[in-house]
Amino acid sequence: MPTDIRIKKGLNINLVGVAEATTSKAVASNVYNIHLADFHGLTPKMLLKEGAEVKAGEPIFFNKNYPAMKFVSPVSGELVEIERGARRKILNLKILADKQQTALEHPPLDISKASDADIRAFLLESGCWPFIKQRPYDIIAHPEEVPKSIFISAYATAPLAADINYTLSGREKELQAAIDGLAKLTPGKIHVGIGKGENSPFAQLTGFERHTVSGPHPAGLVGTLINKIDPINKGERIWTLSPQDMVIIGEAFLTGKFNPERIVALAGSCVKKPKYYTTKIGAEISTLLYASGVNQKDFRVINGDVLTGSKSRPDGHLGFYNNCVSVIPEGDDYEFFGWTKPVFDKISSTRSLTFSWMQPNKKYNLDTNTNGEHRAFVVTGLYEEVFPMDIYPLQLLKACMYKDLDEMEQLGLYEVIPEDFSLTEFVCISKQPHQEIIREGLDYLQKEIG
Amino acid sequence: MSDKRLTIKKRLHIIKHRLRGNKMAPAFSALHTFLFTPDETTHSGGHIRSADDLKRTMNMVILALIPVLLFSFFNTGYQHYAAIDAASGAPRVLSLMDNFLTWENFWLGFTLVMPLVIISYAIGLGVEFIFAIIKGHEVEEGYLVTGMLVPLIIPVDTPLWMLAVAVVFGVVIGKEVFGGTGMNILNPALTIRAFLFFAYPTWMSGDKVWVHGAVERTGTPDAISGETILGSLAQNNAYDYSVSDMFFGFIPGSVGETSAFLILLGGLFLIFSKIASWRIMVSAVIGSLVMGLIFNGIVDMGWIGANSSFYSLMNFEFWKHLIVGGLAFGIVYMATDPVTGSQTQKGKWIYGFLIGFLSVMIRVFNPAYPEGVFLAILLMNVFAPTIDHYVVRGNVKRRLNRLKTATIYPRTTDGKAEELKAETV
C-alpha cells in the first residue's frame, strides 16, 4: 500500500558548496582502485595475480565464503598491485587502465523469462551482486537468502548529497529492468521512497510500492523508510540498494556488460566549482579535483557524504557505493574561548548561545573540528529530536557499548546500520563515536548470533 | 594583540605535545581546553560535528545561576540587617532601592557567600583534578555546575570546614566512585547537601541558621531570629511575609533558593536554550500542586484539626509551596540534571511529577526539618533507572509482539523460495 511518509524529527544540515546541476565528463583516470574496505566483513580470495591483464567486467577476486560471488574490474588494463596490510590482508587493488578499453560481455538476460535462480546467477557472475546490501548487519546480501522485501530510497537528504533526480534522469529504462529483475528475488515487495513533489526518475516506473517521503534528514535514509513501512524483526532479512547502483544492474541485464560509469557530485566548500562529473567506480578523485579546483590548502576529501563517507585523499579513489565526493576544510586549529563565546558560523541543535536556530536556511561552512572533547554520555533527549525511528537511541548505544546481546536485540539493533546514527552523532554533546559503536555492536551481534 | 595570542596558542600547543603521556597531562589539558577549544578533528563516523560541547552546556547552567547568585548577595545582607532591626523593635519596611539594593547589603552578602563559592570550587575541582591525574582521564566539566549549586543550597553561616568536608564526601562518594561525570547515580550537589544535613543536623536545621548572625547571638538579649516561612509553619506559627516577598525572594532561606522570580527566569532560559528538560520542570510543578491541593482538601474536609502539628503546613495554599523554600530551585536546577534524572522522554514526566509530589509531602510530614526537595530528588534519582526501565520495556514489548508475525524465509539453494509460515521466536 503506497504511503505518504512525513518525517518531523531530524535536522537539515545546509552546507556551502552544493553541486551545481551541470555535468562534465571527467578526465579518464590512469589508475583505478578497488578498496576492500568498501565491503565490510568480506574475506576476498584473488583470482588473478599481480601483472595479469584484465578486461572491464572480468572477475578479479571472489568471496571466500561464497565463491560464486565475483568482484569485477571496472576497466580493462593490468592489475599492477595488490596492496596488503598486516597479516597479508588485502587492502587495495590497483588496475592500470588501457588506452583502448575492452569489456567482457555476457549474454543479456531476458528478465521476463528468467527465473529467480537465473537472476541470482547472473548478478553473481556479472559482478553486480555486491551492490545488494542486507539488513541486519549492513553487509553484502547472502545470495542464498530470501529477503522479506527490498527497499530503495530515491530521496537524498544528506548534506551535499548528489541529487538523484538529476543524476539518474534518463536512466528509467535501466531502473525498470533492475526493478523487474530484483522483484523476482523476493516473495515480498520492492519499496521505493520518492521525495514528495520531486520529479523522480521512478515516477513513471512500475512494479514496486511507491512511497512519498518528506521532511528533514534522515528522511532520505533507507533505514528511516524501512522503520516506517516494514521494520525488521529478528531472523528477517531486508535488502537495500542505492538507485545509482540499480542503474548498473539494469544495464547489465539489458546489455550483458558491467558498466561502472556513474554521475558523481563533487561538492563542499573547498571546491571552487562544485558540480557533477561522469566517471567510473574506482577512478582517481584528483581527476575531479583538478577539473573543479580547490580554494584552500588544508582540506579533507571524503568519499561519500560528510556524515557517512570515509576519509580519503586527493589521490584516493571513488568508492564502490558512492555517488558523491565532499571536500571540506580541516579544522585542526584551536579556538580561543570557543566553548563560551556566542557562535554564529556553526550548526547547533540547541540554543546555547548558538544561533543557527535563527537562520534555518543559511548555508554553513563547517570544518572537521569536533568542537569539543570526548566525554561520557551526559545530556539526554537531544538524540530523540533527530532520530525518527521507533527506537531508543541512547539506550541502544549503551547496550552496544556494554555488549549485552539481549538488550541489543530487544532495543532494535537488527533494524539499524551505522548511517542511521550519523545525525545523533552530529548533535552529540559528548562527541561519542555513534557510528563506530553501532558498527562494533553489529559485528558482535553477527558473530554471536549470525 | 592577535600576534601575542598566536604565540600563546603555539606555546600551549607545544607544551601539550611535550606532556603527552605524562601524569600531569589531564591537569594541563583542563586548563588548556578552558582557554582554547582543542584542535581535535573527527576521525571516525561523520566528518562534521555540531557546535555544542559539554563545556558550553554546563556554561549555560552557570549563566542561568548568575542572577540567583547576585540576588543572594543582596538578600543575605538585607536579611541580616532586617533581623537586627526587628530584634531592636523597629522592623524594617522593604524598599527595593532604599534598603535592599544597597552597597552595605551587597558587601556583607558578598563577603559571606563568596567564600562558600570559592571553597566549593577549590575543594571540588581539587578532588576532580586529583582523580583525573590518578586515573589518567580528562577533567570533566560536571563539577562546574555542581560547584555553583552547592553554595546556593546551604545556609549562609555554614562553617567553611564543614562545607569542605561535605564537598570531598559528595564528589568522591557521590561521583568519582561511580566513574566520574556521567556515571553517577545521585546528584552530587544534593549528596553534598544531604551529607551536611545528616552529619551536622543542628547546624543545618532549626530556626537559627538561615540568617547571618542569628547563631552566635543566641542567648543574648538582642537575639535575632532567622526562621524560614516553612519553619514557622511547622511550628504552627504565623509568618509575616507577603506573597510578593516570597515570589521575589525577600525572605530568609538557603543562600540562593529564595527568589522564585529569578529562578523562573533561569528556568525559562534553560528551557529556551534546550539545556534542561521542560518536561521535568512542568511535571514537577504539576506534581507539587497536586500534592498541595490534596493537603488543602484534607484540611477543608475537616479531617485534621487546627491543633494538629501538620495543620499550618497542610493549610498553606497549595500554590505557595512553589515560591517558598527550595522547591523552585530544586525543580529548575537539580531535578533537571540529565545524568541522575530519567533519560527517556516519557520517563521524565513521571520522574518530574513524583519529585514535585514527594517534595511537598516530605515538607509537610517532616517534623525535624520542613523541607523535602533534596530528599525527594535524591529518592527519585535512585528510582529514575527503574522508571526508564519500564518505559523502555514498552518499546521492547512492541518489538516482541511484532516478532510473532515475522516473515522468515528459508535459504534457497535451487533458487526457489518457499514461504515459511510465520515463526514464533
Average other protein chain Cβ within 10 Å of Cβ, residues B:395-407: 5
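Give the relative contact order (percent, whole number) for chain B; include only Cα pairs under 8 Å separated by 6+ residues.
14
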Can you tell me which of B:E40, B:E317, B:E371 moves the most in a GNM of chain B? Springs connect C-alpha atoms under 10 Å apart. B:E40
Considering just Cα atoms, how many Å³ per residue does the convex hull of region A:247-303 enclose? 79
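Can you give the mean number of other chain Cβ atoms that lie within 10 Å of the Cβ atoms in peptide A:432-440?
Mean number of neighbouring Cβ atoms from other chains: 2.
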Modelled FRET efficiency - R0 60 Å, A:E144 with B:F28, Cβ distances, 0.05 increments: 0.55
How would chain B be classified by its alpha-carbon gyration tensor: rounded, prolate or oblate, with rounded meaning a/c under 1.5 and the a/b versus b/c comparison settling the rest? oblate
Mind checking the dipole of the protein assembly as shown: about its Cα centre, +1 per Lys or Arg Cβ, -1 per Asp or Glu Cβ, Debye to the nearest 20? 1280
Pop the C-beta distance of B:I118 and A:T3 into the FRET formula with R0 = 51 Å and round what comes out to the nearest 0.05. 0.25
Packing-ranked peptide list from A:53-64, B:397-408, A:171-182, A:292-303, highest mean Cβ count within 10 angstrom first, is A:171-182, A:53-64, A:292-303, B:397-408
If one computes the Cα centroid of region A:255-299 and of region A:333-354, what distance in Å separates the two points? 32
Magnitude of the Cβ-charge dipole (Lys and Arg +1, Asp and Glu -1) of chain B about the Cα centre, nearest 20 debye, reported as 2040
Reachable aspartates and glutamates from A:K9, Cα under 20 Å, same-chain residues fewer than 8 places away excluded? A:D230, A:E384, A:E385, A:D390, A:E415, A:E419, A:D420, A:E425, B:D52
Evaluate the relative contact order of chain A (contact order divided by residue number), counting alpha-carbon pairs under 8 angstrom at least 6 apart; express in whole percent. 19
Given charges at Cβ of Lys, Arg, Asp, Glu: the protein assembly as shown dipole, positive-most of A:I179, B:L65, A:F337: A:I179
Once both labels are modelled 7 Å past Cα along the beta-carbon direction, what's the A:S169-A:K363 spacing in nm? 1.9
Would you report the distance distribution of C-alpha pairs in the protein assembly as shown as whole percents per 10 angstrom bin, up to the bin with the largest distance? 2, 11, 19, 20, 16, 12, 9, 6, 3, 1, 0, 0
With the charge dipole of chain A built from beta-carbon charges (+1 for Lys and Arg, -1 for Asp and Glu) about the Cα centre, the Cα from A:A161, A:V146, A:W239 projecting farthest to the positive end belongs to A:A161
Note down the nm distance, to one decimal, between modelled labels 7 Å out along Cα→Cβ at B:K346 and at A:E436. 3.4
Quote the FRET efficiency, to the nearest 0.05, computed for B:N366 versus A:V294 with a Förster distance R0 of 60 Å and r equal to the Cβ-Cβ distance. 0.30
Modelled label reach - B:L70, point 7 Å along Cα→Cβ, region B:265-287 residues with backbone N closer than 18 Å: B:265-270
Quickly work out the A:F336-to-A:F355 label distance, labels modelled 7 Å from Cα along the C-beta direction, and quote it in nm with one decimal. 2.0
In what order do A:F258, B:F272 fall by count of nearby beta-carbon atoms within 10 Å, going from fewest to most? B:F272, A:F258
Computed log₁₀ I(q)/I(0) - Debye formula, equal Cα scatterers, no solvent, region A:269-404, q 0.11, 0.18, 0.21 Å⁻¹: -0.58, -1.17, -1.25
Relative intensity, log₁₀ I(q)/I(0), of region A:31-97 from a Debye sum that treats every alpha carbon as a point, q = 0.16 Å⁻¹: -0.47
Packing-based order for B:303-315, A:306-318, using average beta carbon neighbours within 10 Å, highest first: A:306-318, B:303-315
At q = 0.13, 0.18, 0.20 Å⁻¹, what log₁₀ I(q)/I(0) does region B:67-226 have when each alpha carbon counts as one equal point scatterer in the Debye sum? -0.66, -1.03, -1.18
Among A:E384, A:E236, which comes first, second and so on when ranked by fewest other beta-carbon atoms within 10 Å? A:E384, A:E236
Mean other chain Cβ within 10 Å across A:141-148 is 4
Would you mind checking A:K94/A:K173; A:K189/A:K234; A:K25/A:K275; A:K8/A:K273; A:K257/A:K311; A:K55/A:K311 for any pair whose Cα atoms are more than 21 angstrom apart? A:K94/A:K173; A:K8/A:K273; A:K257/A:K311; A:K55/A:K311
If you rank B:H32, B:H321, A:H374, B:H43 by fewest surrounding Cβ atoms within 10 Å, what's the result? B:H43, A:H374, B:H32, B:H321
Which whole-percent values make up P(r) of chain A when all C-alpha to C-alpha distances are grouped in 10 Å steps starting at zero? 4, 20, 31, 29, 13, 2, 0
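The numbers here are math on the coordinates, done by the rules we state, and not lab data. Predicted model only: the values in this text are computed from it and were never measured. All Cβ positions, even for glycine, are placed from backbone atoms using ideal geometry, and neighbour counts span all protein chains on display.
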